[in-house]
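Encoded as structure tokens, the structure appears first; notes follow it.
The values are calculated or read from the model by the stated rules, or taken from the named source; none is laboratory data. As the structure is a computational prediction, the values presented were derived from the model and not from experiment. Cβ coordinates were reconstructed from backbone atoms using ideal geometry, including for glycine residues, and neighbour counts include every protein chain displayed. Please note that ligands, DNA and RNA were not included when accessible areas were found on the heavy atoms of the full protein model with its side chains. Shrake-Rupley method; radii C 1.70, N 1.55, O 1.52, S 1.80 Å.
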Amino acid sequence: MNYDMLLLRFGELMLKGKNRGRFERTVLTDVKAVLESFPQAQFLKEYGRLYIVLNGEDHESLIKALKKVFGIDTISPVMVCPSELDKIIETALLFMEKIHLKGETTFKVTSRRVWKPFPHSSQEMNHLVGSPMLKTFSNLKVSMNDPELTLRVEIREQGTYLYCEVIPGAGGFPRGSNGKAMLLLSGGIDSPVAGWSSMRRGLEVECVHFYSYPFTSRMAKEKVIDLAKVLAGYAGEIKIHLVPFTEVQTAFTGIGQDNLIITLMRRAMLRIATMLANREGALALVTGDSLGQVASQTLGSMNVIGRATEIPLLRPLIMMDKNEIITLSKEIGTYDLSILPFEDCCTLFVPKSPATNPNLRIVEKIEHRIQTLPTMLQEAVDRTETLVLTSNSHVDLSGEEEVVNGDWF
């Protein structure tokens, strides 16, 4: 079907009162960025809505791109005609013909007369449009309560809009409208979903990945960069900070406290991520923790690990079970990458019996014994490499020195 334009509806951001204008401007900026790949399309803005005039652009491709824009609640492809009764009926019949109905289909017409000088009321229009459709299409049956298809007719002065699809968008708040946070991004299933969930709530996310060469492979690093690129598809671009973690991680292996290695390692990660957050102007950390999923995600472990930072520690997946997380990872496009069999540093040196209820006083005492730990943490920050990625960035890690087709900082 050849549609004339797309109707975009804002969701939660409409509840933000005096901040609504700022939120809408942010969404508009993101939509304009999408339209750069569709040069014929143009946008029209109305209160609480945004219209994209297609001008021949492929509506399916544009909808696919717009579904990644946070702040857009729903999208409807629309046919437009003059606000004249005969033209509206003619377009409604054409619309229904293009749908190619299969078998008996229940339907109703829902009209909305926004332009009050139009001579027929909304209720009258339901009958005036619906009756010719029943006469023309024998497989249509009226159902007012639970129709399979609802034809919506909006009568405005500049034209009448007809549509039936209401396609879910990403929803949430516009990108970056609620501040910046640092995402601890591993190569697993959970942390990319946590990053997406945070971005959906209006956070600008920068990724922090810890790698332990030579214990982790180049492929593990590439996997995480690819995951960040998927997230960049929703954000436009995203920063990833690659932290060398070998010295810090191995410092915990010879102290005779194997059951606490995971706790010590994660506390060190939070400290490094906090230092990077302070440097980058981020106000929170984000992790992929899900309560009770592994030893480090029991309430006791999370309490001790979380004490390593003084800035807010956000856990978007905390009450989700694994199946819910996997389902969401498939929807956002990270699952197939996450299950690739390349280990990251989070899976190294895992003890047979990790502590599930560590003692904070003992953990702090062990950390104090490693006198070089603060220096190692600072050196890890100083040696961190930062890359700005888009969804199409090409990163070449094949050589001994990492070469990138993008911007290193």
Too long for a 28 Å Cα-Cα cut-off, among LYS102/LYS322; LYS108/LYS330; LYS45/LYS223; LYS67/LYS87; LYS221/LYS330, are LYS102/LYS322; LYS108/LYS330; LYS45/LYS223; LYS67/LYS87
For LYS180, counting only lysines whose alpha-carbon sits under 16 Å away and dropping same-chain residues fewer than eight positions off, the answer is LYS239
Mean Cβ-within-10 Å packing, highest first, puts peptides 295-305, 24-34, 366-376, 176-186 in the order 176-186, 295-305, 24-34, 366-376
A 1.4 Å probe over the protein heavy atoms gives the chain a carbon and sulfur accessible-area percentage of 49
Residue-ordered couplings for segment 105-119, obtained by feeding phi - 60° into the Karplus form 6.51 cos²θ - 1.76 cosθ + 1.60 and rounding to whole Hz (Gly and Pro as x), are 9, 7, 8, 8, 10, 10, 9, 9, 8, 7, 8, 5, x, 4, x
For segment 126-243, one quarter of the surface area of the C-alpha convex hull, expressed in nm², comes to 12.6
For the chain, percent of DSSP beta bridges that are antiparallel (nearest 5) comes out at 60
Other residues with Cβ under 13 Å from the Cβ of VAL286 give, with Lys and Arg +1 and Asp and Glu -1, a net charge of 0
When all Cα-Cα pair distances of segment 180-390 are considered, the percent exceeding 25 Å is 32
By the Cα gyration tensor axes a ≥ b ≥ c (a/c under 1.5 gives rounded; else a/b larger than b/c gives prolate, otherwise oblate), the shape of the chain is prolate
For CYS164, CYS207, the accessible-area ranking with a 1.4 Å probe, largest leading, is CYS164, CYS207
Probe 1.4 Å, all chains present, heavy atoms only: ARG201 accessible area in Å², nearest 10, is 90
Under the 7 Å Cα-to-Cβ spin-label approximation, GLU324 and LEU340 lie apart by a distance in nanometres of 2.9
For the chain, whose charge dipole is built from +1 on Lys and Arg Cβ atoms and -1 on Asp and Glu Cβ atoms, the candidate among VAL142, THR274, LEU44 with its Cα farthest towards the positive end is VAL142
The set of residues whose placed amide H lies less than 5 Å from the amide H of LEU183, leaving out same-chain residues fewer than 5 positions away, is GLU206, CYS207, VAL208, VAL286
In a Gaussian network model of the chain with springs linking alpha carbons closer than 10 Å, the residue among LEU314, LEU149, LEU337 that fluctuates most is LEU149
Taking a probe of 1.4 Å and leaving out DNA, RNA and ligands, segment 168-311 shows per residue an accessible area in Å² of 32
Rounded to the nearest Å, the spacing of the alpha-carbon centers of segment 169-218 and segment 271-341 is 9
With Cα coordinates, the longest principal axis of the chain makes an angle with the long axis of helix 360-369, in degrees rounded to 10, of 60
Expected field for PHE38, accessible surface area in Å² at 1.4 Å probe radius, rounded to 10, holds 30
Output for segment 60-154: chymotrypsin sites (Phe, Trp or Tyr not before Pro) sitting in coil per DSSP, at most 15 other Cβ within 10 Å, listed by number, reads TRP115
Expressed in square angstrom to the nearest 10, the accessible area of MET320 with a 1.4 Å probe stands at 50
Scoring the chain by relative contact order with C-alpha pairs under 8 Å, at least six apart, yields a percentage of 16
Given backbone amide H placed at 1.01 Å from N, residues whose amide H is under 5 Å from that of GLY333, ignoring those fewer than 5 places away on the same chain, are none
extent check for segment 5-168: Cα max minus min per principal axis, descending, whole Å, gives 47, 34, 29
